[in-house]
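The values are calculated or read from the model by the stated rules, or taken from the named source; none is laboratory data. It should be emphasised that the depicted structure is a prediction, and the values quoted were computed from it without experimental measurement. Because the Cβ atoms are built from the backbone with ideal geometry, glycine has one as well, and the counts that use them run over all protein chains shown.
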Amino acid sequence: MRTKIIKTSFLLIGLILISGCATQNFEKKIETSDVDLLREESLMRYNTNRLEVMDVSEKDVIAKALLACHQNKFIKGMGLLEEKMHQNKTNPFYWNALGTCYSLKRDFPKAIFFYELGMEALPLFQEQRKMLAEATIANNLGLIHLNFKRYNQAYDSFKKAHELLPSFFTPDFNMAQLYIEFNENDKALELLKKLEAKNPDDIDLLYSLSLIYFRKSDFDKSFNTISKIKADYLNRPDIVGLYAYNLMKKDRLTEAKTIIEKRLYADEYNQRNKILLEEINQKIKVLSKTTKQN
C-alpha cells in the first residue's frame with residue numbers, strides 16, 4: 001500500500017489557498033471544514049460548491065485566477081493574470097500563482113520558470129511577507145521535484161519551507177508523506193502526531209496515521225484510527241482499501257468483501273483492490289470449509 005496525499009500551496013494576500021498536485025487521477029475532496037486540517041491552506045479537497053462560496057474580493061485578481069485554474073479553467077485564470085503582469089512584476093505571489101496554474105496544468109517546465117521568477121522578486125518585497133512568499137514557492141517547487149522523483153530535492157524544499165515558516169502545516173504534511181513513501185514510519189508518525197493535535201478529525205491525516213500503524217502491525221490502532229473517518233469518506237478509492245484490510249484483520253470478512261465489491265476505483269487503485277478482494281474471498285472459502293468440517 002502506498003500513500004501520496006501531497007499538497008500544493010497557493011498562499012496569497014488576504015487569502016491562503018493550497019491545491020494538490022499528486023499523481024492520483026481522482027480528486028479527494030472534503031466538503032466541510034471541520035474535518036480539514038488545512039482548511040486555511042488547502043483548495044485541493046474543496047468541492048466546486050465550497051469553492052464558489054469562498055469570499056474572494058473582486059479586486060483580488062490573483063485569488064480569482066487561482067480559483068479558475070483549480071477548476072481547470074486555465075484560459076480564464078491565466079488570462080486574468082496576464083492582464084495584471086505589468087502591475088505585479090515585483091510581486092512573488094503573482095509569479096507563484098502563474099507557476100501554480102501551469103503546475104495544475106502539468107506543464108512543469110513553465111511552472112518552474114515562473115516559480116523562479118517569484119524567487120527573483122523576493123528582494124524587492126516586504127520583509128514580513130517575503131518569508132511567507134518564499135516558503136510557499138519552496139513548497140511548490142518541492143512538489144515538482146517529487147513529480148520527477150527527485151526525492152532529496154523535494155525533501156530539501158519542504159524542509160526549507162518549514163524552516164522559513166514553522167506555522168505552515170503543509171510542508172510538514174508533505175515531508176511526512178515522503179517518509180511514508182520510503183517506509184520511515186516513525187519519522188512520519190512524529191510529524192503527523194503534531195498535526196493531529198491541531199485537527200484530529202482531518203481525513204487525510206487519519207488515513208496516513210492508520211497506514212503507519214498498519215505497517216507497524218499495530219492493527220488495533222490502525223482500525224481505531226481509520227474508523228474515526230466520517231463514513232462518507234470511507235468510500236474514497238485510497239481509503240477503502242486500507243479500511244477493508246483492517247476489517248479483514250478483524251475477521252470481518254463479509255463487511256470487507258461488501259465494501260470492496262460496491263466501490264468504483266480510480267485506475268491507480270484498481271489492481272490493489274482486486275488483489276485484496278481475491279484474498280478476502282479465499283479467506284471466506286477457507287473459513288466456510290473449516291466450519292463445515294466442524
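At a glance:
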item	result
Evaluation of TYR155 against (1) free of Cβ contacts under 8 Å to residues at least 12 places away in the same chain; (2) within 28 Å of ARG106 (Cα to Cα); (3) under 19 Å from the mean Cα position of the chain (by Cα) (one fails), failing number	(1)
Subset of segment 231-255 (residues that are modelled with pLDDT under 90 and not β-branched (Val, Ile, Thr))	ALA231, ASP232, TYR233, LEU234, ASN235, ARG236, PRO237, ASP238, GLY241
Residue, nearest to the chain's Cα centre (by Cα), within segment 86-109, restricted to residues that are farther than 11 Å from ILE144 by Cβ and of a type in the set (Lys, Arg)	LYS105
The one condition in (1) within 18 Å of the chain's Cα centre (by Cα); (2) buried (at least 23 other Cβ atoms within 10 Å of the Cβ) that ILE229 fails to fulfil	(2)
Residue list for segment 158-183, filter: small (Gly, Ala, Ser), buried (at least 18 other Cβ atoms within 10 Å of the Cβ) and either touching a strand residue (DSSP E or B) at 6+ places or on another chain (Cβ under 9 Å) or assigned to a loop (DSSP other than H, G, I, E, B) (or both)	ALA161
Filtered residues of segment 268-278 (kept if under 14 Å from TYR245 (Cβ atoms), surrounded by 15 or more Cβ atoms within 10 Å (Cβ to Cβ) and either at pLDDT 85 or above or not hydroxyl-bearing (Ser, Thr, Tyr) (or both))	ARG272, ASN273, LEU276, LEU277
Answer from LEU178, LEU206, LEU165 - the residue that is over 14 Å from the mean Cα position of the chain (by Cα) and not charged (D, E, K, R)	LEU165
Condition check for ASN139: of a type outside the set (Phe, Trp, Tyr), over 26 Å from TYR179 (Cβ atoms), assigned by TED's automatic domain parsing to the domain that holds GLN71 and at pLDDT below 95	no
Every pair of residues 6+ apart whose Cβ atoms lie under 9 Å, when the first sits in segment 137-150 and is over 17 Å from HIS162 (Cα atoms) and charged (D, E, K, R) while the second is modelled with pLDDT of 90 or more and outside any loop (DSSP other than H, G, I, E, B)	ARG150/ILE144
Test: residue in segment 76-94 that is hydrophobic (A, V, I, L, M, F, W, C), touching a His at 6+ places or on another chain (Cβ under 9 Å) and in contact (Cβ under 8 Å) with a residue 60 or more places away in the chain	no
Elements of type helices (runs of 4 or more DSSP H) contained in segment 184-294, each with 2 or more residues being acidic (Asp, Glu), without any contact (Cβ under 8 Å) to a residue 40 or more places away in the chain and more than 30 Å from SER167 (Cβ to Cβ)	253-262, 267-293
Failed item, numbered, when MET78 is tested on (1) of a type in the set (A, V, I, L, M, F, W, C); (2) within 23 Å of the chain's Cα centre (by Cα); (3) farther than 30 Å from LEU209 by Cα	(2)
